[in-house]
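Q: Following this message is one structure expressed as structure tokens.
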Amino acid sequence: MSIEVALARLNEAQQQAVTTAAKQTLVLAGAGSGKTRVLVHRIAWCLSEGLASPTGVLGVTFTNKAAAEMRGRIEVLLGRPLGGMWVGTFHGIAHRLLRTHWREAHLPEQFQIMDAEDQQKVLKRVIRGLNLDNEQWPAKEAQWFINARKDEGQRPDQVDDGADPAIRTMIDIYRAYEEACARAGLVDFGELLLRGYELWRDNDDLLRRYRERFFHVLVDEFQDTNALQYKWLKLLVADQANFFVVGDDDQSIYSWRGAQVENMQRFRRDYPQHELIKLEQNYRSTATILDAANALIANNTGRLGKKLWTDGERGEAIRLYTAYNDVEEARYCVDRIRRFHAEGDRYADSAVLYRTSAQSRVMEDALRQADVPYRVHGGFKFYERAEIKDALAYLRLAMFRDADPAFERVINLPVRGIGNRTVDEIRLVARREKISLWAAAYRLIEHHELAARAANMVLAFLHLIDTLAARIAGLALDGVLETVIETSDLVAHYRKEKGDRGLDRIDNLNELVAAARDFEPDENETELPLVAAFLSHAALEAGEGQAGEFEDCVPLMTLHAAKGLEFTNVFMVGLEEGLFPHQRSSTDPGQLEEERRLCYVGLTRARRRLTLSHAESRRLHGADFYPQASRFLREVPRQLLEEVRVGGAALSGGARLIEETSGSGLFLGQRVMHRTFGEGIVLHLEGRGAHTRVQVNFEGGVKWLVVAYAGLAAL
Ligand code: ATP
Ligand code: MG
């Protein structure tokens, strides 16, 4: 398609945004109004008009997936492949910079990226090393503290302790943690950004080079940038580059990770000459869905204010399903997904969105039982699975002996008789001598400071890693992974695990070999040994190389992960007080508004059909809850909803409940009325005849009643 044809397919405001001559532009617009589309067209237009070359464009998006899609869409618009264009996430771009300029960034050439779990482990060690009590100073809190400081761009010396001894201690931990990371060549996610920022700030020549290079800087989902990211952008853009940002304040959902929606106002102040463009027409959703979203978000205060309209059809009513528990809720969704599939939709057209990743399991079970293929995005990510991390830890250690988290992870896995005491001794020496665990282990052996048996075991482990390193030298990447899995004996280890779990894990290990076979490094990583590039990829892109990527399957994801995406059919499950809005937000109006924005994001993912559901009882983290329906459901105008209940006529056979055989005439999920407790729903039935007991969830709480005396009336 030529760019002229593509432009003609945009509305006027969109065309204006794409072709604007303004140096700085803010496109402020609601969901589904074409912000991402405009951004893509803008890049294509600048290239085709000769205003930019591919290497002069820096595009920042929210996920790697979005980046790949963006590049693909531009290539379609221009009809040619694009080399050299930088499109990626903030983290991905920072990583690329640090790989190229590791010297100027004061990093070892082969620095390793640490994920959150590794970070916690390092912190635990650091806290112990400072002789602080791990209970009083939990690694998790320190992690939170450090990440937040890094998001604000602060090093330990720049943090104000406010004369508070607790904060002073946190700063000490931060400092010691930095030293530990530097020793081991480790970089956490926040560090990528902070170091990327400092790299430019402190190297004038380098900054000048990049300023000259990136003449066009474009940012999608601008409302979710944090303080440091904005500073980084400003540093790069100065007043030379074209700065084009698009965002929606109503979709700011990452404040808990430091995102600052104020960056939109900041942009307006910092660049007073900017052009502000509003897009008001929504092209994604039916009028019904849009009305629901608009009504919901109207409950928030302090919005920048936008109107959204569509000239599309009204569409179907929004389904509101009340399930009697989470399992049945999942079954209902799966049932509908299958129906849509039978009617011609792909599985990939129906997405299930939930508030917390723990909710995916029940849904996964239901899908598996129904033989419907699915894929979990985010949450249980492939590269976050224990067995994958185990195998990669072996590889990491074989490549970089000083990778302490990897060392700790596998020194006694599979179990080889190296006890905690021995590991503690190794840690102690490492800390005292400021050396890696690997070096400490050697030193202990050389100085005969370990008991003979322990020394033998540790030496055998060190040899195993050396052997592994020798074996993988010169192999192709998939061969490397195969050898790692063989040499580490992990398969035998997992085979001992009971049930399907162990087999699953072995499948995953095989999948890792397949992932290695398909792996292609990013352009900037071609200099790096392939194995090192693969390890970075695994750490950075956790999950995005998951199995079955091209298979038609139902996407499952958290609402946070659904940002920017769209689906024909959307199922939002678990709309219950305490879950969504999340418990955490109950005392903080600001957080409640963020939950509402998250709900707005969810509703506006749907193109044609939207199903909202909640359950009257739910098992979460091993305990039963009897939640009230979410307030967000009440904020959607009634006339847009079609309510469906368990046992209701609209149900298909798949979701119909089993009639109880107690002879009481009651069944699970039935609505009943009690003269004192009011309306409730049957959760359990026990016993027969005169002894039948029933458990009912009333508004005031859950009660056990004897059917013969309770005087329950079925509704
Ligand atoms: P979000 O806020 O959710 O990220 P967005 O503003 O980025 O949404 P897009 O994803 O760019 O919106 O567009 C939403 C949908 O509307 C897409 O399917 C897009 O192709 C379509 N669309 C946008 N503009 C037009 C247009 N002028 N004509 C037809 N379809 C359009
Ligand atoms: Mg978008």
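Q: Would you list, by chain and number, the aspartates and glutamates whose Cα falls below 12 Å from the Cα of LYS306, excluding same-chain residues fewer than 8 positions away?
A: In chain and number order, the partners are ASP248, ASP249, ASP250, GLU280.
Q: Take the Cβ-Cβ distance between VAL706 and ASP205 as r, set R0 to 60 Å, and report the resulting FRET efficiency rounded to the nearest 0.05.
A: FRET efficiency, VAL706 to ASP205: 0.10.
Q: Taking Cα pairs under 8 Å and at least six residues apart, what relative contact order does the chain come out at, in percent? Could the numbers behind the result be given before it?
A: Numbers: 1176 pairs, mean separation 111.9, N = 715.
It comes to 16 percent, rounded to a whole number.
Q: Further question on the same structure: Under the 0.36 nm per residue contour assumption, what length would be gained going from the current alpha-carbon distance of ARG266 and ALA460 to full extension?
A: 64.0 nm
Q: Leaving out same-chain residues fewer than 8 places away, which lysines sit with a Cα under 21 Å from that of LYS496?
A: Output for LYS496: LYS389.
Q: Give me the one-decimal nm value for the distance between modelled label points at ARG675 and GLU117, 7 Å along each residue's Cα-to-Cβ direction.
A: It works out to 5.8 nm between the two label points.
Q: Compute the accessible area per residue over segment 671-714, keeping the other protein chains in place, probe 1.4 Å, unit Å².
A: In whole numbers, segment 671-714 has 56 Å² accessible per residue.
Q: Between the alpha-carbon centers of segment 128-207 and segment 463-484, tell me the distance in whole angstrom.
A: Cα centroid of segment 128-207 versus Cα centroid of segment 463-484: 35 Å apart.
Q: Also, I was wondering about something else. What's the extension gain from LEU715 to ASP552 if we count 0.36 nm per residue and subtract their Cα-Cα distance?
A: 54.5 nm
Q: Here's something else I'd like to know. Counting only complete DSSP H runs, which helices of the chain cover 27 Å or more along their long axis at the Cα atoms and score a mean Kyte-Doolittle of -0.5 or above?
A: For the chain, where a helix must reach 27 Å along its axis and average at least -0.5, the hits are 165-184, 452-472.
Q: Can you give the FRET efficiency to the nearest 0.05 for ASP424 and GLU642, using r as the Cβ-Cβ distance and R₀ = 51 Å?
A: The computed FRET efficiency comes out at 0.25.
Q: Compute the FRET efficiency between ALA492 and HIS582 as 1/(1 + (r/R0)^6), taking r as their Cβ-Cβ distance and R0 = 30 Å, and round to the nearest 0.05.
A: Numbers: r = 42 Å, r/R0 = 1.39.
According to the calculation, E is roughly 0.10.
Q: For ARG453 and ASP239, compute 0.36 nm times the residue count separating them, minus their Cα-Cα distance, and round to one decimal in nm.
A: Difference between extended and current length: 70.4 nm.
Q: Sticking with the crude label model, points 7 Å out along Cα→Cβ, report the distance from ALA21 to ARG303 in nm, one decimal please.
A: Label-label distance for ALA21 and ARG303, simple model: 3.5 nm.
Q: Something else now. For a quick check of your reading of the filter: which GluC sites (Glu not before Pro) in segment 201-306 sit in a DSSP loop and have no more than 15 other Cβ atoms within 10 Å?
A: On the way: sites: GLU212, GLU221, GLU262, GLU275, GLU280; in loops: GLU221, GLU280.
Hits after loop and neighbour filter: GLU280.
Q: Note down the Stokes-Einstein diffusion coefficient of the chain in µm²/s, whole number, using a Kirkwood radius over alpha carbon pairs, 20 °C, and 1.002 mPa s. Could the numbers behind the result be given before it?
A: Details: Rh = 28.3 Å.
Calculated translational D: 76 µm²/s.
Q: Let me ask something else about it. Nearest 20 debye, what's the magnitude of the dipole of segment 384-535 about its Cα centre given +1 on Lys and Arg Cβ and -1 on Asp and Glu Cβ?
A: 940 debye
Q: Right, another one. Return the whole-Å distance between the Cα centroid of segment 220-255 and the Cα centroid of segment 306-352.
A: A separation of 33 Å, based on Cα centres.
Q: For segment 399-460 and segment 1-64, what is the separation of their C-alpha centers, rounded to whole Å?
A: What the calculation gives is 55 Å, centre to centre.
Q: So for the chain, taking the charge dipole from beta-carbon charges (+1 Lys/Arg, -1 Asp/Glu), which of PHE571, SER350, TYR197 sits furthest toward the positive end?
A: Comparing the listed Cα positions along the dipole, PHE571 ranks first.
Q: To continue, here is another question. Can you bin segment 384-535 into rounded, prolate or oblate? Criterion: square roots of the alpha carbon gyration tensor eigenvalues sorted a ≥ b ≥ c, rounded for a/c under 1.5, prolate for a/b above b/c, oblate for the rest.
A: oblate
Q: Run through the DSSP bridge list for the chain and note the antiparallel percent, rounded to the nearest 5.
A: Roughly 30 percent of the beta bridges in the chain run antiparallel, per DSSP.
Q: Karplus couplings for segment 245-260 from phi (6.51 cos²θ - 1.76 cosθ + 1.60, θ = phi - 60°), rounded to Hz, Gly and Pro as x?
A: 10, 10, x, 9, 4, 6, 10, 7, 10, 10, 5, 5, 10, x, 5, 10
Q: Averaged per residue, what accessible surface does segment 384-535 expose to a 1.4 Å probe, in Å²?
A: On a per-residue basis, 49 Å².
Q: What is segment 112-184's relative contact order, in percent, from Cα pairs under 8 angstrom and six or more apart in sequence?
A: On the way: 41 pairs, mean separation 24.6, N = 73.
Relative CO of segment 112-184 lands at 34 percent.
Q: Can I ask one more? Which of the listed residues, ILE388, ALA452, PHE407, is farthest toward the dipole's positive end in segment 384-535, when Lys, Arg count +1 and Asp, Glu count -1 at the beta-carbon?
A: Going by the Cα projections, it comes out as ALA452.
Q: Given a 1.4 Å probe and every protein chain left where it sits, what share in percent of the accessible area of the chain is carbon and sulfur?
A: Here it works out to 49 percent.
Q: Can I ask one more? Would you list, by chain and number, the lysines whose Cα falls below 23 Å from the Cα of LYS234, excluding same-chain residues fewer than 8 positions away?
A: Of all the lysines, those that pass the test against LYS234 - Cα under 23 Å, at least 8 places apart if same chain - are LYS23, LYS35, LYS150, LYS278.
Q: What nm value, rounded to one decimal, do you get for the distance between GLU343 and GLU433 when each label is placed 7 Å out toward the C-beta?
A: Distance between label points: 7.0 nm.
Q: Then there is this: Using only the Cα atoms of segment 112-184, build the gyration tensor, take square roots of its eigenvalues as a ≥ b ≥ c, and label the shape rounded, prolate or oblate: rounded if a/c is under 1.5, else prolate if a/b is larger than b/c, else oblate.
A: oblate
The values are calculated or read from the model by the stated rules, or taken from the named source; none is laboratory data. Note that the structure is a prediction, hence the values are computed from the model and not measured. Ideal geometry is used to build each Cβ from the backbone, glycine not excepted, and the neighbour counts take in all protein chains shown. All accessible areas refer to the heavy atoms of the entire protein, side chains included, with ligands and DNA or RNA removed. Shrake-Rupley method; radii C 1.70, N 1.55, O 1.52, S 1.80 Å.
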